[in-house]
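Engineer: I have a structure here, written as structure tokens, and I will follow up with some questions on it.
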Amino acid sequence: MSTEQLPDELRGWLRPLADALIPAEDGMPAAGRLGAADAQLDLVLAARPDLLRPLCRGHALTRGMSPADALAALTELDPVAHGALLEAVAGGYYAHPEVRELIGYTGQRAVPVRVADFPEYLAEGLLERVVARGPVYRPAG
């Protein structure tokens, strides 16, 4: 099943759970408002398609329950589905550009290392003997 084929019922189930997990607070938006069950879910599932099956299981197990009851039930009945729900909601939330801007996260950047920034123990040659010796393995067990 592709993300375009996700049933509206699954998205409708996920939206209030996302808001229960990450509510609006201290100037931060709620997960549901940012599309945790919509575009952000699609983004997460594109990167982690393995989360779809446990999310569908969680939906089937807790359909019709309040968000608090559904979260409690998933914790007990299907911890894998509960974990998938947490990953999908948190992953989509923190990948949203508005949240990234609010927390000051600009993403991963390449940071050049200057030779002058190398630690002293490298500059002093303290590891040269170890590198020249090569790897040493000890049998385990």
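The values are calculated or read from the model by the stated rules, or taken from the named source; none is laboratory data. Treat the numbers as computed from the prediction; the structure is a model and nothing was measured. We place every Cβ from the backbone using ideal geometry, glycine too, and count neighbours over all the protein chains shown. For the accessible areas, the whole protein counts, side chains as well, though only heavy atoms, and no ligand, DNA or RNA atoms are used. Shrake-Rupley method; radii C 1.70, N 1.55, O 1.52, S 1.80 Å.
Engineer: Can you give me the C-alpha center-to-center distance between region 54-68 and region 93-139, rounded to a whole angstrom?
Structural biologist: 42
Engineer: Taking 7 Å along the Cα-to-C-beta vector as the label spot, tell me the Ala39-Gln5 distance in nanometres, rounded to one decimal.
Structural biologist: Modelled inter-label distance: 2.5 nm.
Engineer: Apply the Karplus parameterisation 6.51 cos²θ - 1.76 cosθ + 1.60, with θ equal to phi minus 60°, to every residue of region 88-95 and state each ³J(HN,Hα) to the nearest whole Hz, in sequence, with x for glycine and proline.
Structural biologist: Values, residue by residue: 5, 5, 5, x, x, 5, 6, 8 Hz.
Engineer: Shifting gears a bit: What length, rounded to one decimal in nm, is gained on full extension from Val80 through to Arg114, with 0.36 nm per residue of separation minus their alpha-carbon distance?
Structural biologist: Length gained between Val80 and Arg114: 7.8 nm.
Engineer: On a full-extension model of 0.36 nm per residue, what is the gain between Leu61 and Met28, subtracting their alpha-carbon distance, rounded to one decimal in nm? If you can, show how the numbers build up before the last one.
Structural biologist: Numbers: separation 33, 0.36 × 33 = 11.88 nm, distance 3.02 nm.
Value of the extension gain: 8.9 nm.
Engineer: For n ≥ 4 DSSP H runs only, could you compute -39500 (n - 2.57) per run for the chain, divide by its residues and tell me the 222 nm figure to the nearest 500?
Structural biologist: Numbers: 8 runs with 79 residues, N = 141.
About -16500 deg cm²/dmol.
Engineer: Region 1-105: which chymotrypsin sites (Phe, Trp or Tyr not before Pro) are DSSP loop and have at most 13 other beta-carbon atoms within 10 angstrom?
Structural biologist: Numbers: sites: Trp13, Tyr93, Tyr94, Tyr105; in loops: Tyr105.
Qualifying residues, ordered by number: Tyr105.
Engineer: Which of the listed residues, Val136, Gln108, Ala18, is farthest toward the dipole's positive end in the chain, when Lys, Arg count +1 and Asp, Glu count -1 at the beta-carbon?
Structural biologist: The one lying farthest along the dipole's positive direction is Val136.
Engineer: Can you give me the angle between helix 8-21 and the longest principal axis of the chain, using Cα atoms only, in degrees from 0 to 90, rounded to the nearest 10?
Structural biologist: Here the helix axis deviates by roughly 60 degrees.
Engineer: For the chain, modelled as a GNM with alpha-carbon contacts under 10 angstrom, which of Arg57, Arg15, Arg114 fluctuates the most?
Structural biologist: Arg114
Engineer: How many percent of the accessible area of region 1-70 is carbon or sulfur, using a 1.4 Å probe?
Structural biologist: Details: 2050 of 3760 Å².
Ligands and nucleic acids excluded, carbon and sulfur reach 55 percent.
Engineer: Any idea how far apart Arg138 and Asp69 come out in nm if each label point goes 7 Å out from Cα toward Cβ?
Structural biologist: Between Arg138 and Asp69, the simple spin-label model gives 5.7 nm.
Engineer: Picking from Ala60, Ala95, Tyr121, whose Cα lies most toward the positive end of the charge dipole for the chain (charges on Cβ: Lys, Arg +1; Asp, Glu -1)?
Structural biologist: Comparing the listed Cα positions along the dipole, Tyr121 ranks first.
Engineer: If you keep only loop residues by DSSP, which GluC sites (Glu not before Pro) in region 57-136 have at most 15 other Cβ atoms within 10 Å of their Cβ? The partial results should precede the final answer.
Structural biologist: On the way: sites: Glu76, Glu87, Glu98, Glu101, Glu120, Glu124, Glu128; in loops: Glu124.
Sparse-neighbourhood loop GluC sites (Glu not before Pro): Glu124.
Engineer: When the dipole is taken about the Cα centre of the chain, and only Lys, Arg (+1) and Asp, Glu (-1) are charged at their Cβ, what size is it in debye, to the nearest 20?
Structural biologist: On the way: 13 positive and 19 negative charges, 110 e Å.
Using Cβ point charges on Lys, Arg, Asp and Glu, the chain gives about 520 debye.
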